[in-house]
Amino acid sequence: MRYLATTYRTLSGVKEILETPKKKDTQWVVYRDNKPAYFVDFFDLAIESNAMMNSLVLCTKRSLDEVLSIISERNNVNLSIPKVSRLGLKMKLKSEYRELNLDPIPEKWLAYSL
């Protein structure tokens, strides 16, 4: 799949954030150990992992950060959604398209709630 890698300069340094080109509120690139590792689309229910994430986030009315925190604790991994800047101060340096193959989050990590 094609992703947009955007590099920003913030007060804390230079950060690169990976997103889908046409960003939707239901599509997220999830990072593992500060590197892009998984792609989640809450409304692509054909993939079992996405259907489970839909249930965990939308049906239980939890935030994605809260669900990733729980998954991280139970499976001893570091999952996150990157934020460009906590203070809102950022300067866009460059953007480029990248072709990456990101898998959905493993189903065994999501099975704790079902």
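Among residues of segment 30-46 that are closer than 23 Å to LYS61 by Cβ, those with a beta-carbon under 7 Å from a residue that is open to solvent by 30 Å² or more (accessible area, probe 1.4 Å) and among the acidic types (Asp, Glu) at least six positions away or on a different chain give the pairs TYR38/ASP103.
Condition test on ILE81, is it under 28 Å from TYR8 (Cβ atoms) and touching an Asp or Glu at 6+ places or on another chain (Cβ under 7 Å)? Criteria met by ILE81.
Looking across segment 74-91, just one residue is open to solvent by 40 Å² or more (accessible area, probe 1.4 Å), hydrophobic (A, V, I, L, M, F, W, C) and assigned to a strand (DSSP E or B), and that is MET91. Using the structure shown, decide if ILE71 is surrounded by 15 or more Cβ atoms within 10 Å (Cβ to Cβ), touching a strand residue (DSSP E or B) at 6+ places or on another chain (Cβ under 9 Å) and in a loop (DSSP other than H, G, I, E, B). Against the criterion (surrounded by 15 or more Cβ atoms within 10 Å (Cβ to Cβ), touching a strand residue (DSSP E or B) at 6+ places or on another chain (Cβ under 9 Å) and in a loop (DSSP other than H, G, I, E, B)), ILE71 does not qualify.
Within segment 53-71, residues that are under 10 Å from PHE42 (Cβ atoms) and among the acidic types (Asp, Glu) reach no partner that is open to solvent by less than 10 Å² (accessible area, probe 1.4 Å) and assigned to a helix (DSSP H, G or I) with beta carbons closer than 9 Å at six or more positions or on different chains. Does any residue of segment 29-52 turn out to be exposed (fewer than 15 other Cβ atoms within 10 Å of the Cβ) and under 15 Å from TYR3 (Cα atoms)? Yes: one or more hits. Only one entry in TYR31, TYR97 is more than 21 Å from LYS108 (Cα to Cα) and of a type in the set (Phe, Trp, Tyr), namely TYR97.
Inspect segment 92-101 for any residue being open to solvent by less than 100 Å² (accessible area, probe 1.4 Å) and closer than 24 Å to MET53 by Cα and give the result as yes or no. Looking for residues that are open to solvent by less than 100 Å² (accessible area, probe 1.4 Å) and closer than 24 Å to MET53 by Cα, one finds at least one in segment 92-101, hence yes.
The values are calculated or read from the model by the stated rules, or taken from the named source; none is laboratory data. Please read all numbers here as calculations on a predicted model, not as lab measurements. Cβ: placed from backbone, ideal geometry, glycine included. Neighbour counts: every protein chain shown. Surface accessibility is based on the protein's heavy atoms, side chains included, excluding ligands, DNA and RNA. Shrake-Rupley method; radii C 1.70, N 1.55, O 1.52, S 1.80 Å.
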